[in-house]
Amino acid sequence: MAELVWFDQGFEMAFSENDVPNLGFYNWNVVDNCLTGDAIFASLYGFTLDEVVRGVTIEDVMARIIPGDRERVAFEVNTGILSGEAGSTCYTVFNGFCLKKVM
């Protein structure tokens with residue numbers, strides 16, 4: 001399981017080889033508002049692979065984040081876009097079948 005590890009500049013995620021099968025890939029073209037991803041990304045958010053290969057919007061993804069986390073995540077994403085700084089957050093998604101924690 002991934003864990004937070006303290007480095008000189010702050011906390012970062014530390015992954016083991018056991019985490020690799022659970023890591024998904026996505027790409028977000030902010031200008032075109034198009035997220036594309038792999039099968040793990042699709043499964044995590046409850047999309048089909050075909051949907052994420054063609055591309056989904058950030059609104060599609062945000063709709064899958066539970067209401068108690070959605071507003072905070074939207075704020076953090078917006079802050080990251082405006083500041084240009086990297087960031088990370090934890091939240092829960094409902095993929096149509098179950099709740100999943102995202103780190």
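Numbers below:
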| quantity | calculated |
| --- | --- |
| Scope region 49-75; condition hydrophobic (A, V, I, L, M, F, W, C) and open to solvent by less than 70 Å² (accessible area, probe 1.4 Å); matching residues | VAL52, VAL56, ILE58, VAL61, MET62, ALA63, ILE65, ILE66, VAL73, ALA74 |
| Region 78-98, subset under 16 Å from ASP60 (Cα atoms) and not polar (S, T, N, Q), residue surrounded by the most Cβ atoms within 10 Å (Cβ to Cβ) | VAL93 |
| Residue in region 67-81 that is touching a Leu at 6+ places or on another chain (Cβ under 9 Å) and among the hydroxyl-bearing types (Ser, Thr, Tyr) present | no |
| The one condition in (1) touching a strand residue (DSSP E or B) at 6+ places or on another chain (Cβ under 6 Å); (2) open to solvent by 40 Å² or more (accessible area, probe 1.4 Å); (3) modelled with pLDDT of 60 or more that PHE11 fails to fulfil | (3) |
| The one condition in (1) on the phi > 0 side of the Ramachandran plot; (2) surrounded by 11 or more Cβ atoms within 10 Å (Cβ to Cβ) that THR36 fails to fulfil | (1) |
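The values are calculated or read from the model by the stated rules, or taken from the named source; none is laboratory data. Given the structure is predicted, the values throughout are model-derived calculations rather than measurements. Here Cβ is always computed from backbone atoms with ideal geometry, including for glycine, and neighbour counts include all displayed protein chains. Just the protein is used for accessible areas: all its heavy atoms, side chains included, with ligands, DNA and RNA removed. Shrake-Rupley method; radii C 1.70, N 1.55, O 1.52, S 1.80 Å.
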